[in-house]
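The values are calculated or read from the model by the stated rules, or taken from the named source; none is laboratory data. Just so it is clear, the model here is predicted, and its values are computed rather than measured. Please note: Cβ atoms are built from the backbone with ideal geometry, for glycine as well, and neighbour counts cover all protein chains shown.
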Amino acid sequence: MHEWFSVEVARERNADILAEARKRSLARLAPRKAAWPVLRARVARRVFAFALALEREETWKAVWEKLEAPRHP
């Protein structure tokens, strides 16, 4: 009597598992945000903090000029 019900529950569970697996595989294929700008910003902040700790005036100007320099693709 309960065999039919357990078979249906198992089928639904398998279908849910397969749907979740498809979502995850599609999510892996989606384009990701480039890591380079994030890394560049993090390094720039650390260099800036280090420069301020060493020589406030001259180093700050040098780092600021470097940060304001035009980026070439």
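Numbers at a glance
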quantity: Some residue of region 27-40 being modelled with pLDDT of 80 or more, of a type in the set (Val, Ile, Thr) and in a helix (DSSP H, G or I); calculated: yes
quantity: Residue in region 47-72 that is surrounded by the fewest Cβ atoms within 10 Å (Cβ to Cβ), counting only those that are modelled with pLDDT under 75 and of a type in the set (Lys, Arg); calculated: Arg71
